[in-house]
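Engineer: Structure below; questions to follow.
The values are calculated or read from the model by the stated rules, or taken from the named source; none is laboratory data. As the structure is a computational prediction, the values presented were derived from the model and not from experiment. A quick note on method: Cβ atoms are made from the backbone with ideal geometry, for glycine too, and the neighbour counts reach across all protein chains shown.
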Amino acid sequence: MKKINKLIIACDGESASGKSTAAKLISKKYGLVLLNSGLLYRYGSKLIIKNKPKNIISFLNNEFKNVTYKKIIRQKLHSEEISNHAALLAKNFRIRKIINRFQKKIIKGNKKICVEGRDIASKILASNPKYDLAFYFRCNLRVASYRRWLDIKKKIPLKEVRRSLNNRTQMDKKRRNSPLVKVKDAILIRTDRLSKKQVLKKMSNFIEFES
């Protein structure tokens, strides 16, 4: 494995496509800082659900000025309520600006970083700085919903999980502000056809070649 001094990776993908797991694995292997943009929207949703602020924009603007990413990743943010709320929150242009600013600050402070989300290659890392490699994750809805169903310990009917995932992905692709898209040079990773080990190997091959 080559020694890497600078590496910026963008990981985009659909709901439950395995991008978070892949991003964690590749970050651990190459010593990259891992930034999960989805958690930022989930954190914002949790705060809104809990505090019910009158002015959401000023409330979140203040919160993201005074919070660290370490604090965010320690939160419990994966309830169905938060997931559905975060999808709606992500459609708001002014909220995206707040969260994008927070992400950019972290990214510019790290030469070795993996950023995962839904508009990373197309927006966040499109320039200044630009990604060195972009990956796009896709997983068959049937497989993705079954995996998510197991993750949540079968607490919600499988049919409901499938509907929720499909709605989230369609909402992400159709939203006006920074929709989920696969950029031209993004490397497609089909997680319904590959094991975790195979996903890591495929990503590593491109990283070694690029570096």
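Engineer: Looking at Ser122, Ser145, Ser195, which one is out of contact with any helix residue (DSSP H, G or I) (no Cβ under 7 Å at 6 or more places or on another chain), of a type in the set (Gly, Ala, Ser) and within 14 Å of Gly18 (Cα to Cα)? Can you show your working first?
Structural biologist: On the way: Ser122 fails: within 14 Å of Gly18 (Cα to Cα); Ser145 fails: out of contact with any helix residue (DSSP H, G or I) (no Cβ under 7 Å at 6 or more places or on another chain).
Within the list Ser122, Ser145, Ser195, the selection yields Ser195.
Quick grid of which residues meet (1) of a type outside the set (A, V, I, L, M, F, W, C); (2) surrounded by 14 or more Cβ atoms within 10 Å (Cβ to Cβ); (3) outside any helix (DSSP H, G or I); (4) modelled with pLDDT of 95 or more:
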{"site": "Lys46", "(1), (2), (3), (4)": "yes, yes, no, yes"}
{"site": "Lys50", "(1), (2), (3), (4)": "yes, no, no, yes"}
{"site": "Pro53", "(1), (2), (3), (4)": "yes, yes, yes, yes"}
{"site": "Ser58", "(1), (2), (3), (4)": "yes, no, no, yes"}
{"site": "Asn84", "(1), (2), (3), (4)": "yes, yes, no, no"}
{"site": "Lys91", "(1), (2), (3), (4)": "yes, yes, yes, no"}
{"site": "Lys97", "(1), (2), (3), (4)": "yes, no, no, yes"}
{"site": "Phe102", "(1), (2), (3), (4)": "no, yes, no, yes"}
{"site": "Ile107", "(1), (2), (3), (4)": "no, yes, no, yes"}
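Engineer: Scanning region 159-211 for residues that are under 24 Å from Tyr146 (Cα atoms) and among the acidic types (Asp, Glu), which turns out modelled with the highest pLDDT?
Structural biologist: Taking the candidates together, the pick is Asp192.
Engineer: Further question on the same structure: Ala186: touching a residue at least 60 places away in the same chain (Cβ under 8 Å), within 25 Å of Leu40 (Cβ to Cβ) and among the small types (Gly, Ala, Ser), yes or no? Break it down stepwise before answering.
Structural biologist: Values: touching a residue at least 60 places away in the same chain (Cβ under 8 Å): yes; within 25 Å of Leu40 (Cβ to Cβ): yes; among the small types (Gly, Ala, Ser): yes.
So Ala186 fits the description; yes.
Engineer: For region 31-41, indicate whether the set of residues that are buried (at least 22 other Cβ atoms within 10 Å of the Cβ), out of contact with any Gly (no Cβ under 7 Å at 6 or more places or on another chain), among the hydroxyl-bearing types (Ser, Thr, Tyr) and closer than 25 Å to Ala144 by Cα is non-empty.
Structural biologist: Yes: one or more hits.
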